[in-house]
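Reviewing the structure listed below.
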Amino acid sequence: MGLFERIFKHPSWGVHPDDHKRPAADVPLRILPPPARVYMPLHQHVGGVARPIVLVGQQVLKGQLLAEAQGNISAPIHSPVSGTVTAIGDITAPHPSGLSFAAITVDNDFAQRWIETDPVADPFALAPEEIARRTAAAGVVGLGGATFPAAVKFALGKRLAVGTLIVNGGECEPYLSSDDCVMRDFADQVIDGARIVMHAIGAKEALVGIEDNKPEAIAAMRLAAAKFPEVKIRPVPARYPMGSDKQLIQTLTGKEVPADARAAEVGVLVHNVSTCAAVHRAIRLGQPLVERIVTINGGAVDKPGNILAPLGTLVDELLAFCGLKARPARLILGGPMMGTPLLHGRIPLVKGASGILAFDAREATIPPAGPCIRCGSCTKACPMGLLPLEMAARIRSGNLDAAVGFKLGDCIACGCCAYVCPAHIPLVQYFSHAKGELAARERAKLRTDATRRLADERIARLEREAREKLALAARRKAERDAARAAGAAAKTKAAAAEQPAGATT
Amino acid sequence: MSHAIGIAVAAPHATTSNSAGRVMATVMAALAPATLFGFWLYGWPAVFLWLVTVSAAMLGEAFCLRLQGRQATPALQDGSAVLTGWLLAVSLPPWAPWWIGVFGGLFATVLGKQVFGGLGQNLFNPAMVARVALLISFPLQMTAWVAPLPLFSTGAPGLIDSLRITLNGMPAGYDAIASASLLGFTKTELARGIDLLHSLVQAPAPGWYGKHPGSLGETAAWLIAAGGLALMALRIISWHIPFAMLAGIAVPAAILHAVDPARYLDAGTHLLSGGAMLGAFFIATDYVTSPNTPRGQLIFGAGCGLLTWVIRTFAGYPEGVAFAVLLMNSVTPIIDSYVKPRIYGRDRKGAALEPGQ
């Protein structure tokens, strides 16, 4: 990169944290010995919770459907091992609340018996709809962390006639290298998967954005893509959050996704490199998503690196496999910038888990928050052009509506602002709190509206019933009156009839 | 949950090694060369005045923190009170008596900062609030300039004499060296009907080097500018406010000087006089009291510069940096609410972009 590009082309947004990716990224991929028991949560994706279709005690094969998708946006769950279903019930969720949610527990018989797969030799002969169907059936979701069902995005891309597929190899989160590992070791799968996705959505070209701090991955991907001119490998500057959809789209195409709109509306669709590899396996090999590559990293880990592990493996087992130098001071699911803190390691590996970080005490120390000195570092760092300090000040004083006026809803929670803050103010915490509060308020409003509607309807019904009763009573009375009148008339008539008769007699 | 690790806090789980204290320390380091030059130029009384002012500012801060029932030490360690006192000290006449420093230092942190709620809450620049309060309350002491008498030079007061100057005010024996700043001198002469073409001949012309009468640390333009440029290189401040402020002074000065050189000072003299340099690089760039966005900072800086020139040229006071900065401080919230960055996916007004755009 020349000086000119360094000064003028380098994105003005974002932050550049120490990436801490090496040496973990350079360690060869290791394969976790199959665990004795796996726990498959029913909700590892955005959308509806999967519905179990197996029974406790049932024998299952590796790749067998355990729970089916439920609703338009959902994904099925498959068994990562062959063995016996031993429980269907609650386990601790990978969420800081430590709440529990439903999972299917499978005891491994270590036989590694696969289901009968249905490989496709030439996916490009299949109809795009068939590719989407098979991808959905394989339970493939966005593996970059978003976990949105991949096939739903295919349908969207097809419908909006997306011309460009963007393959996200940004992996801008520090410490993580699972996408890097996939690109280095399985570049052919990624490129093939990307081409299958292009076919599924009808895209003309694919742009693979890879941060320039991954030269090995760029070289491997260039080699794999050499035969396919429609797939272009595009190194992008290493800058957090380059792996965020909106920022990567802007960097690669110059297009901006309008607020409140989807990327497909500007003619692009983004899929992660690991997702593309999973699509390749789902279509070419007929294998559902039952394992993934996860980065185990952090100061407390003895031998950090990338591990290929069955889904449902406990975090504790992954950490034990890599060894711990010290008791972790903080455990994180995902990267340090956006990851979820885990309160303990008895939590299963899920589809969206690109990394497990065990921080030592030094890494986990964040100085106490001080007062805002309005230095403006957060506004310079915000990749969305927001004013974090102004929003936080409004939220702090409870004025959530004013924060919404500063477009709180556009915040992507990337954490740049809180990262650069010299006063170490937990800005994202403020924003998450406000978003949660606003969502709760919205729900309450909907509920009140529904209650009011029901009450109004009840009043209307009661009034209608009263009216009807009155009308009925009036009608009955009229009828009665009429009958009486008719009776009287008949009587008179009869009397009249009798009279002449009588008169004649 | 007995085996729980850490606490459930929101991401990010990493943070910068930067801190408010480090920012303040860097600014002080950038300010140090010009201050040391001032110490050398004006001798021991300047050192004493600086010490007294900084101590008073810290004392005021500590007093308010204790009143709030807070620990004073951690808040003092962020360095903001020291910096406030320091900025005030370098803007004072170097031989001002001790009580000027005490009054100013206390005023700055107590009334300029803590009554608003402490660090980050004040609307006005605390050092400038104190400077203006002093200027209005004690105009005589605040305009008693001295000609440079560098340390250890012949005629320079020794340690004991210097202590006497600071404690008792300027002794009669030193009256000879009492001097006027160029801005004050020309203003007085203009008022007497002597135009610039005649008065400037006898005036102590300001230069980049800084060996002329003036405030404790405001004369060495080259050292102040070097410190300011260092802060820009370290990304502590951006170029917007200093550039706009200096341009705001220089542009109208150059135009009117071209029109009537007998009535209006030239741009160079304006930039090298009084607090223009210090104001542009160190005072107006204060984070708390200046706008947050680059465009807002350009407006703010230009306003500071223009008002400085207007006050110097047309108002009663010879120097206007402090007043100009305070006036612009008061419009900072307005600038911030009207000048915002464009949000990704939205136009400048905040409406969503059209997908075709």
Does the stretch B:210-220 include one or more residues that are touching a strand residue (DSSP E or B) at 6+ places or on another chain (Cβ under 6 Å) and either farther than 19 Å from residue B:149 by Cα or not in a helix (DSSP H, G or I) (or both)? yes
Examine the stretch A:437-459 for a residue that is over 30 Å from residue B:23 (Cβ atoms), in contact (Cβ under 8 Å) with a residue 24 or more places away in the chain and surrounded by 13 or more Cβ atoms within 10 Å (Cβ to Cβ), and state whether such a residue exists. yes
Residue A:94: modelled with pLDDT under 95 and surrounded by 15 or more Cβ atoms within 10 Å (Cβ to Cβ), yes or no? yes
If you go through the stretch A:308-330, how many residues are farther than 27 Å from residue A:104 by Cα and either more than 10 Å from chain B (Cβ to nearest Cβ) or of a type outside the set (A, V, I, L, M, F, W, C) (or both)? 7
The one condition residue B:43 fails out of (1) within 14 Å of another protein chain (Cβ to nearest Cβ); (2) on the phi > 0 side of the Ramachandran plot is (1)
Restricting the search to the stretch A:331-347, which residues are facing chain B (nearest Cβ under 7 Å), surrounded by fewer than 24 Cβ atoms within 10 Å (Cβ to Cβ) and either under 21 Å from residue A:21 (Cα atoms) or of a type in the set (Gly, Ala, Ser) (or both)? A:338, A:341
Does the stretch A:12-28 hold any residues that are under 26 Å from the mean Cα position of the chain (by Cα) and more than 14 Å from chain B (Cβ to nearest Cβ), and which are they? A:25
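Residues are listed down the side, and each one gets a yes or a no for (1) modelled with pLDDT of 95 or more; (2) assigned to a helix (DSSP H, G or I); (3) out of contact with any Gly (no Cβ under 6 Å at 6 or more places or on another chain):
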{"position": "B:244", "(1), (2), (3)": "yes, yes, no"}
{"position": "B:248", "(1), (2), (3)": "yes, yes, no"}
{"position": "B:265", "(1), (2), (3)": "no, no, yes"}
{"position": "B:305", "(1), (2), (3)": "yes, yes, no"}
{"position": "B:323", "(1), (2), (3)": "yes, yes, yes"}
{"position": "B:328", "(1), (2), (3)": "yes, yes, no"}
{"position": "B:337", "(1), (2), (3)": "no, yes, yes"}
{"position": "B:340", "(1), (2), (3)": "no, no, yes"}
{"position": "B:357", "(1), (2), (3)": "no, no, yes"}
Residues of the stretch A:268-326 being among the small types (Gly, Ala, Ser) and closer than 26 Å to residue A:195 by Cβ, which ones? A:274, A:277, A:278, A:282, A:286
Before we move on, is residue B:298 over 16 Å from the mean Cα position of the chain (by Cα), outside any loop (DSSP other than H, G, I, E, B) and crowded, with 19+ Cβ neighbours inside 10 Å? yes
Helices (runs of 4 or more DSSP H) within the stretch B:60-114 that include 2 or more residues within 14 Å of the chain's Cα centre (by Cα) and surrounded by fewer than 24 Cβ atoms within 10 Å (Cβ to Cβ): B:80-90
I'd like the residue in the stretch A:402-416 that is more than 22 Å from the chain's Cα centre (by Cα) and more than 9 Å from chain B (Cβ to nearest Cβ) and, out of all such residues, is surrounded by the most Cβ atoms within 10 Å (Cβ to Cβ). A:403
How many residues does the stretch B:100-124 contain that are within 14 Å of chain A (Cβ to nearest Cβ), among the hydrophobic types (A, V, I, L, M, F, W, C) and touching a residue at least 24 places away in the same chain (Cβ under 8 Å)? 3
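So that you can scan it fast, the table gives a plain yes or no per residue for (1) under 20 Å from residue B:88 (Cα atoms); (2) within 16 Å of the chain's Cα centre (by Cα); (3) within 14 Å of another protein chain (Cβ to nearest Cβ); (4) exposed (fewer than 13 other Cβ atoms within 10 Å of the Cβ):
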residue: B:313; (1), (2), (3), (4): no, no, no, no
residue: B:323; (1), (2), (3), (4): yes, yes, no, no
residue: B:326; (1), (2), (3), (4): yes, yes, no, no
residue: B:329; (1), (2), (3), (4): yes, yes, yes, no
residue: B:335; (1), (2), (3), (4): no, no, yes, no
residue: B:341; (1), (2), (3), (4): no, no, yes, no
residue: B:346; (1), (2), (3), (4): no, no, yes, no
residue: B:350; (1), (2), (3), (4): no, no, yes, no
residue: B:353; (1), (2), (3), (4): no, no, yes, no
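Residue-wise test of (1) in contact with an Asp or Glu (Cβ under 8 Å, 6 or more places away or on another chain); (2) without any contact (Cβ under 8 Å) to a residue 40 or more places away in the chain.
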position: A:199; (1), (2): no, no
position: A:224; (1), (2): yes, yes
position: A:238; (1), (2): yes, no
position: A:256; (1), (2): no, yes
position: A:267; (1), (2): no, no
Given (1) crowded, with 20+ Cβ neighbours inside 10 Å; (2) away from chain B (no Cβ under 12 Å); (3) farther than 20 Å from residue A:105 by Cα, where does residue A:352 come up short, assuming only one miss? (3)
Is it true that some residue in the stretch A:226-233 is free of Cβ contacts under 8 Å to residues at least 40 places away in the same chain and within 14 Å of chain B (Cβ to nearest Cβ)? no
Within the stretch A:287-303, track down each residue that is touching a residue at least 40 places away in the same chain (Cβ under 8 Å) and part of a loop (DSSP other than H, G, I, E, B). A:287, A:288, A:289, A:290, A:298, A:299, A:300, A:303
I want to confirm something. Restricting to the stretch A:133-149 and keeping residues that are of a type in the set (A, V, I, L, M) and surrounded by 21 or more Cβ atoms within 10 Å (Cβ to Cβ), which single residue is nearest to residue A:62 (Cα to Cα)? A:138
What strands (runs of 3 or more DSSP E) completely inside the stretch A:60-142 contain at least 3 residues that are among the hydroxyl-bearing types (Ser, Thr, Tyr)? A:83-92
I need the full set of residues from the stretch A:156-165 which are under 18 Å from the mean Cα position of the chain (by Cα) and either surrounded by fewer than 18 Cβ atoms within 10 Å (Cβ to Cβ) or under 23 Å from residue A:293 (Cα atoms) (or both), in order please. A:156
Of the candidates A:466, A:489, the one satisfying the condition of being away from chain B (no Cβ under 14 Å), at pLDDT below 85, part of a helix (DSSP H, G or I) and out of contact with any Pro (no Cβ under 6 Å at 6 or more places or on another chain) is A:489
What is the residue count in the stretch A:143-176 for residues that are of a type in the set (A, V, I, L, M), closer than 27 Å to residue A:70 by Cα and outside any loop (DSSP other than H, G, I, E, B)? 5
Within the stretch A:368-388, can one find any residue that is facing chain B (nearest Cβ under 10 Å), in contact with a His (Cβ under 8 Å, 6 or more places away or on another chain), buried (at least 18 other Cβ atoms within 10 Å of the Cβ) and aliphatic (A, V, I, L, M)? no
Looking at the stretch B:229-287, which of its residues are surrounded by fewer than 16 Cβ atoms within 10 Å (Cβ to Cβ), farther than 21 Å from residue B:314 by Cβ and not small (Gly, Ala, Ser)? B:229, B:234, B:235, B:239
The helices (runs of 4 or more DSSP H) lying wholly within the stretch A:328-402 that contain at least 2 residues that are free of Cβ contacts under 8 Å to residues at least 24 places away in the same chain are A:388-396
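The values are calculated or read from the model by the stated rules, or taken from the named source; none is laboratory data. Here the structure is a predicted model, which is why all the values come from computation and not from measurement. Cβ: placed from backbone, ideal geometry, glycine included. Neighbour counts: every protein chain shown.
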